[in-house]
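Report on the structure given below.
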Amino acid sequence: MISTVKLTIQKHNMLLAGDSVCVALSGGADSVALLLALYELSAELDFSLSAVHVNHLLRGDESYRDENFCRDLCSRLDVPLQIFREDAAAFSHSLGVSVETGARELRYKIFDSLDCDRIATAHNLNDNAETLIFRFARGTGLHGLSGIPAVRGKIIRPLIECSRDEIEAFLTEKGQAFVTDSTNLSDNYARNKIRHRIIPEMSAVHGSFPACVTRMVQSFAEDEDFLTAEAEKCEKESLFTLHPAIRKRVIINQLKTHNLKVCTEKIEEIEEALMLHKSRILLEKNFFAAFENGVLRVYSEQSETAPEPVAVSEFGEYSFGCDRIVIISEQTDENQLADDNVNKNSTIYYADYDTIQGDIVLRNRLREDRLKPVGAVHTKELRKILQEKLPPEKRKISAVLEDENGIVWAEHAGLADRVKPCDKTENYLVIEIKYL
């Protein structure tokens, strides 16, 4: 088993020389075997070893039995051990989840707080098969069928290619005892039913069933990685043009970027809104999904605060909000066209510089702003101009350039008629907006 663990570590680049590795030690067969295997490999692979035990306070005296076993084992091996006692039942109740789910979240919350380079957990080949069957029964996509990853952030799983039979044989060979969690013997939990009933039946059909599952989930994982990477290239494309597999992953990537819940129902809700040509829908709390020409944007209204006004004291680039830059410069060109065509470019505008009066300020639009656009007969409220051109989520942040006589230029609305170039214009104020 040691050679398998070593090969797994090297194949998945789990460790670097000099890393500090902390083993999640429950006292069960898997975690004890993991501790012993890494203990044997630590000198050869040049990493330091420690352990952590979380007592969930769920099984009375048995919980303290496990804690004491881990303490004695680490003391014998001279491996530093941290012990946490946490009320998993109360924690789960506070989250409104099952104790099994709450205890897992509590463990990983503790793991994240540890001062080490890697956390090694004892998930093995059988766990991968059980997870696949569980997700298959619940209904899942390719990502769910990709099984338990060998590496996830600082979490590593050196036993992921070792079977439970190999682990128990390794412990027998070492003469090493372990503890058994009594809840693992009960079929009250879905995972235990899979372990006690379904895995044996599948293994009777094909003796190496868990190993076959591992090969399959590795193939699924490779396909999922490729499709997800392709989706990242398509985030600025219309969802209407994308293959459903890529479209779903574009949606998933955007949800994950904002730490929003990813589930089939949410993906289908966004796809339905797209097909019904809705401009935006509420996802959760203050987060929205918005569509512009089929391109998806997930955003939070709270996160989009209006930029502070900036005095334009010199020509150059001015950051405006988190996603655009306004570039203001001067240009003298006697051949510069002075008709309306120069203002039809959506991102570059030319004003008659000699008509600008006083200081120039770059600011966000105000509710009371009014503008007479180039060629218009009457002055209009800027907010009404934007309403005609933009969905609601695009109107909150909108750049405006003004001098002492009022608006010179407004994003999405264009130049003020009073500063448009004419055949006598010699100096131009050039306004360019770039979207990041």
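The values are calculated or read from the model by the stated rules, or taken from the named source; none is laboratory data. Predicted model, so just to flag it, every value in this text is computed and none were measured. Reconstructed Cβ throughout: ideal geometry from the backbone, glycine too, with neighbour counts over all protein chains shown.
Residue count for region 53-99 under the criterion of being among the β-branched types (Val, Ile, Thr) and either farther than 17 Å from residue 24 by Cβ or in contact (Cβ under 8 Å) with a residue 60 or more places away in the chain (or both): the result is 2. There is at least one residue in region 398-408 that is among the polar types (S, T, N, Q) and either in contact with a helix residue (DSSP H, G or I) (Cβ under 6 Å, 6 or more places away or on another chain) or closer than 26 Å to residue 330 by Cβ (or both). Close Cβ contacts (under 6 Å, 6 or more residues apart or on different chains) running from residues in region 364-385 that are without any contact (Cβ under 8 Å) to a residue 12 or more places away in the chain and outside the structural domain of residue 321 (by TED's automatic domain parsing) to residues that are aliphatic (A, V, I, L, M) and part of a loop (DSSP other than H, G, I, E, B) are absent.
Within this structure, residue 385 passes the test of being at pLDDT below 90, in contact with a strand residue (DSSP E or B) (Cβ under 7 Å, 6 or more places away or on another chain) and outside any strand (DSSP E or B).
Scanning region 386-410 for residues that are touching a residue at least 40 places away in the same chain (Cβ under 8 Å), within 22 Å of residue 318 (Cα to Cα) and not polar (S, T, N, Q) yields 394, 396, 397, 399, 401, 402, 403, 404, 408, 409, 410.
Taking region 35-53 as the range and being outside any helix (DSSP H, G or I) and under 29 Å from residue 103 (Cβ atoms) as the test, the residues that pass are 47, 48, 49, 50, 51, 52, 53.
Here is the figure for region 229-241: residues that are surrounded by 17 or more Cβ atoms within 10 Å (Cβ to Cβ) and part of a helix (DSSP H, G or I) total 2.
Restricting attention to region 121-149, the residues that are in contact with a Leu (Cβ under 6 Å, 6 or more places away or on another chain) and within 25 Å of residue 63 (Cα to Cα) add up to 2.
Among the numbered conditions (1) crowded, with 17+ Cβ neighbours inside 10 Å; (2) without any contact (Cβ under 8 Å) to a residue 40 or more places away in the chain, the only one that residue 244 does not meet is (1). Taking the listed residues 243, 206, 258, 277, the one that is in contact with a strand residue (DSSP E or B) (Cβ under 7 Å, 6 or more places away or on another chain) and either of a type outside the set (A, V, I, L, M, F, W, C) or within 30 Å of residue 125 (Cα to Cα) (or both) is 258, with no other qualifying. Each residue in region 407-436 was checked for being farther than 12 Å from residue 371 by Cβ and of a type in the set (Gly, Ala, Ser), and 0 pass. Find the helices (runs of 4 or more DSSP H) located wholly in region 154-224 whose residues include 2 or more that are without any contact (Cβ under 8 Å) to a residue 40 or more places away in the chain and not assigned by TED's automatic domain parsing to the domain that holds residue 26, and list them. Per the criteria, 190-193, 199-205. When restricted to residues that are surrounded by fewer than 15 Cβ atoms within 10 Å (Cβ to Cβ), out of contact with any Cys (no Cβ under 9 Å at 6 or more places or on another chain), of a type outside the set (Lys, Arg) and not in a strand (DSSP E or B), region 395-436 contains 6.
Note on region 293-312: residues that are in a loop (DSSP other than H, G, I, E, B) and at pLDDT below 85 amount to 9. Only residues that are assigned to a loop (DSSP other than H, G, I, E, B), buried (at least 19 other Cβ atoms within 10 Å of the Cβ) and under 30 Å from the mean Cα position of the chain (by Cα) were counted in region 1-34, giving 4.
One residue stands out among those in region 50-74 that are of a type in the set (A, V, I, L, M, F, W, C) and over 19 Å from residue 177 (Cα atoms): the one that is surrounded by the most Cβ atoms within 10 Å (Cβ to Cβ), which is 54.
Selection over region 171-191 of residues that are modelled with pLDDT of 75 or more and under 38 Å from the mean Cα position of the chain (by Cα) gives a count of 4. Exactly one residue out of 272, 265 is in the same structural domain as residue 287 (by TED's automatic domain parsing), more than 27 Å from residue 148 (Cα to Cα) and surrounded by fewer than 17 Cβ atoms within 10 Å (Cβ to Cβ), and it is 272.
One residue stands out among those in region 313-331 that are of a type in the set (A, V, I, L, M, F, W, C) and outside any strand (DSSP E or B): the one that is farthest from residue 398 (Cα to Cα), which is 315.
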